[in-house]
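Enquirer: Would you mind keeping the following structure in view while I ask a few things?
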Amino acid sequence: MTSKARVALVDYGAGNLRSVAKALERSGLIVVPGDSPERIDGADGVVLPGAGAFKDALTHLRESGLQEAVLRAVASGRPYLGLCLGLQVLFEEGDEHGPIPGFGHFEGRVERFEEQADDGSRLLVPHIGWNRVRFMGDHPMLVDLPESDDFYFVHSYRPVPSDPSVVAGVCEYGSEFTAAVAKGSVFAVQFHPEKSQQAGKRLLDAYCNWVEQSR
């Protein structure tokens, strides 16, 4: 009998690790703490969840060697799933308490929402609550997902990719913004699947299938 895939849940000292771990386990994955480079190196996939400040997260990830381990996993083709801040750190820099350098895996910046919508109305920041995401592209994560679904968001910053080809999902909040990015062994979302009920379960099931197929 084939053993279940093991994914490292990256622990950078902040974040909703328990709820994310339980959600991943419900989708059929074995979750190991991603609190050392060695544990990340030994996993079939990597999940970087999101909460906290961009600067604090990047500082811990770099000083602990976790950033290098995550990038090794990506380079080796092991599936990476980024959630909220786990999406934002992939870019060249973030504006929060910054500019602060990110991983630089994708070209572009992470910028704060403007407090005025395209129609001139006042926009509440942070963006909190349910909103519809429209997916696009042919990434393996999207094969079993509907073209659009409702997910739960909590964020004040959003990615602004330089390369439109990496955009895998968009959402409307004042104006259209990037809600998912994908390329090769990387798939990352701005929303929280672990808080998104059945829509989130579908996305994490898709990640489980992707990891299993990549072993």
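Enquirer: Of the residues that make up the stretch 11-26, is at least one buried (at least 22 other Cβ atoms within 10 Å of the Cβ), of a type outside the set (Val, Ile, Thr), over 29 Å from Asp95 (Cα atoms) and touching a residue at least 40 places away in the same chain (Cβ under 8 Å)? Break it down into steps so the answer makes sense when it comes.
Expert: First, pick out the residues of the stretch 11-26 that are buried (at least 22 other Cβ atoms within 10 Å of the Cβ): 12, 20, 23-24.
Add one more test, that the residue is of a type outside the set (Val, Ile, Thr), and what stays is 12, 23-24.
In the following step, the residues that additionally are over 29 Å from Asp95 (Cα atoms) were identified as 23-24.
Narrowing the set further to residues that are touching a residue at least 40 places away in the same chain (Cβ under 8 Å) leaves 23-24.
Within the stretch 11-26 (the criterion being buried (at least 22 other Cβ atoms within 10 Å of the Cβ), of a type outside the set (Val, Ile, Thr), over 29 Å from Asp95 (Cα atoms) and touching a residue at least 40 places away in the same chain (Cβ under 8 Å)), the answer is yes, since at least one residue qualifies.
Enquirer: Within the stretch 64-108, can you find the residues that are aliphatic (A, V, I, L, M), part of a strand (DSSP E or B) and closer than 23 Å to Val31 by Cβ? So that I can check it myself, show each step before the final result.
Expert: Our first condition is that a residue be aliphatic (A, V, I, L, M); within the stretch 64-108, this holds for 66, 69-71, 73-75, 81, 83, 85, 87, 89-90, 100.
Now drop any that are not part of a strand (DSSP E or B), which leaves 81, 83, 100.
Of everything in the stretch 64-108, those that are aliphatic (A, V, I, L, M), part of a strand (DSSP E or B) and closer than 23 Å to Val31 by Cβ turn out to be Leu81, Leu83.
Enquirer: Another one. Taking Glu107 as meeting all but one of (1) closer than 18 Å to Ser185 by Cα; (2) touching a helix residue (DSSP H, G or I) at 6+ places or on another chain (Cβ under 8 Å); (3) without any contact (Cβ under 8 Å) to a residue 60 or more places away in the chain, write down the number of the exception.
Expert: (2)
Read the figures in this text as sums done on the coordinates, not as results from a lab. As the structure is a prediction and not an experimental result, all values here were calculated from the model. Heads up, the Cβs are rebuilt from the backbone with ideal geometry, glycines too, and the neighbour counts pull from every protein chain shown.
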